[in-house]
Amino acid sequence: MSKSESVVQKWLRDNVQTYPNSNIVYAHADAALSRHPTIRPKTDVYTYDDGRTQLLLCLHGLLPISFRAASYNIPIAVWVPREYPRSPPIAYVVPTSDMLVRPGPDTDTSGRCLIEYLRNWERKCEGCDLVALLDAMKEAFSRQPPVYAKPKDVTAAQQPHPSCPPSSAPDYAARPPAPIPPERYPTAQHMASPAPPPNGPPPLPAKPGYSATSPPITSRSVSVPVPQANANFRTEPPTNVHAKISSELASLSQAMALDAERLRANQTDLLAGEPAIRDEMARLEAVRDVCRGVAARLEQVVAAGERNVAELRRKGDPEVDELVCSTTIVYNQLVNLVAEDNAIEDTIYHLHRALNAGRIDLERFLRVRILTASPPPFRPSPAAGGISLLGLRGYHPS
């Protein structure tokens, strides 16, 4: 083992001590570095999608692939999470400044690798390691590279001369020439074209790959100069311009007259509707005053009801005997006597029914009948319409 390798291994062993499975991480990372010499280790802060940050081990570098019989180096970075090997590594393609990521089934737009090996990692994590991951990435990238070179901008080789006056024509020289199919090459007959006007745009440079003796391809050929055509239009207008302008003016005048008539009708309607609006406002104000008066009375009634409820709550619930009472003591005694008389009558009635039904014998009926035969000392007299003193025992009203 060389001295440089021992230094890398010592650094790797010291920086994986924070991992729970530090021995497995060290063994897999050391095997990956030995298998791929273009990969180097480092520690850096990784930011997850939910905003969490962690200091993780990262294996970064160039992964050589072969695509269409040509060799390419793909810049990658593989982050080893804390839960490794139970959680799969996080692999990214890191394009340089002159590369762009090619999204596909194995790579998303951010450059994260989504190869099948990583998708199956959690299902069989005990049989996965970093060496097999790098080999799987190399195989997937060899089928379809995840990056491609940026297209270079085509710039014009010849710029306008500073002494030429500015022209209002668009700068066609700044645009790239139209692409020409590779199987069709212009001949000398097709390449010949009239020279551009002095004030026109300069010719574009020749397409790369043509000989220096070939004449340049112009961006366009102008048969009639545009300034001359404008001058002819100003000096010799068509004969039907006056008639066309007159027709347009008449149409515009008619449309404006219709609009003016419509606006005047709208003004008349608005002026006529002003008295109706004022009457409606006066009626609504009267209704508002009535509603305010009713609301004030309702507030007074509600306040009085709340006071009564508060007074009743303060007095508490009345007794059962106080629910039926008269205004004087004599009337209360009379109520009690009438209640007793009614109770005696009900008792005699039910005794008769019991005797007829055979539930009691005649002796018991007579005994109870004798006890309840005395009438109350006070009984209302139907003939006199008042209260009379009845002192005779055994009196029965007819």
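The values are calculated or read from the model by the stated rules, or taken from the named source; none is laboratory data. The structure displayed is predicted, hence computed values, not measured ones. Counting neighbours? That spans all protein chains shown, and the Cβs are built from the backbone with ideal geometry, glycine included. For accessibility, only protein heavy atoms count, side chains too; no ligands or nucleic acids. Shrake-Rupley method; radii C 1.70, N 1.55, O 1.52, S 1.80 Å.
Quick notes on this structure:
- Residue-by-residue Karplus 3J(HN,Hα) for the range 35-46, coefficients 6.51, -1.76, 1.60, Hz, glycine and proline x: 6, 10, x, 7, 9, 10, x, 7, 10, 8, 7, 10
- Phi-derived couplings, Karplus 6.51 cos²θ - 1.76 cosθ + 1.60 at θ = phi - 60°, listed residue by residue for the range 341-358: 4, 5, 5, 5, 4, 5, 5, 4, 4, 6, 5, 4, 5, 5, 5, 5, 7, x Hz, with x used for Gly and Pro.
- Set of aspartates and glutamates near LYS10 by C-alpha distance (under 19 Å), chain-local residues within fewer than 8 positions excluded: ASP30, ASP44
- Solvent-accessible area per residue, Å², over the range 84-133 with all protein chains present [probe radius 1.4 Å]: 54 Å²
- Counting only Cβ charges, +1 for Lys and Arg and -1 for Asp and Glu, the dipole size of the range 7-148 around its Cα centre is about 200 debye.
- For VAL147, distant residues with modelled amide H under 5 Å away: ARG102
- Overall form of the range 1-107 per C-alpha gyration tensor (a/c, 1.5; a/b vs b/c): oblate
- Hits among aspartates and glutamates - C-alpha to C-alpha of LYS315 under 18 Å, sequence gap 8 or more where chains match: GLU306
- Placed amide H near ILE74: partners under 5 Å, 5+ positions off or other chain: LEU63, ILE65
- Sequence-distant residues sharing a close amide H with MET99 (under 5 Å, placed H): LYS150
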